[in-house]
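The next block holds one structure in the form of structure tokens; read it before the comments.
The values are calculated or read from the model by the stated rules, or taken from the named source; none is laboratory data. Since the structure is predicted, the reported quantities are computational estimates derived from the model, not experimental observations. No Cβ is skipped: glycine too gets one built from the backbone with ideal geometry, and neighbour counts run over all protein chains shown.
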Amino acid sequence: MDIFREKRATTWTIIILVVINLVALGTILWHMTRRPQGPPPPQRGVSDQTQYFLRNELDLSEKQAQRFEELGRHHHQESMRIQDDINRLTAEMMAELFQKEPDLEKVKILAEDIGSIEAEKEMLLFNHFLNLAEVCEPGQREKFNTIIHELLDMIRPREPQRKPPRK
């Protein structure tokens, strides 16, 4: 009889553990599907947080803050126009990829066009920062310079460290 009792106890233990595991998995899956969506995606353009940050860090006057906002809106509009051009040219280039005989000369011209538009985009960014710096007073410019350098350090890809040559 001891063997039958042990077998029954083992069977019930296994059944209880399986039920507990199924309930735990169900709970996990339920929570994963009911997870809150999180914050809404940022709006296109200069965010309120960025404006608030710059206004506080640079101690901008009301007039300066308004000018920063105007410049930000203008920069965003121009950036979007340029990015739309890049996207259109990239789509044209990728369309050639699926042609029976891709026109490599056309692809080369499209790639060069994309490159020149990317250069335009970089100049737009440079001029935007230059215009923002011109709004600042001399003391604010130093702080603005520091902020821009920190920003560039964060977004710039890090260069791989080179090993010194062996002698």
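Residues considered: 118, 101. Of these, the only one that is exposed (fewer than 10 other Cβ atoms within 10 Å of the Cβ), out of contact with any strand residue (DSSP E or B) (no Cβ under 6 Å at 6 or more places or on another chain) and either of a type outside the set (A, V, I, L, M, F, W, C) or closer than 30 Å to residue 68 by Cα (or both) is 101. Do we have residue 65 as exposed (fewer than 15 other Cβ atoms within 10 Å of the Cβ) and outside any loop (DSSP other than H, G, I, E, B) here? It is false that residue 65 is exposed (fewer than 15 other Cβ atoms within 10 Å of the Cβ) and outside any loop (DSSP other than H, G, I, E, B). The residue of the stretch 15-69 that is modelled with the highest pLDDT, among those that are among the hydroxyl-bearing types (Ser, Thr, Tyr) and closer than 25 Å to residue 136 by Cβ, is 61.
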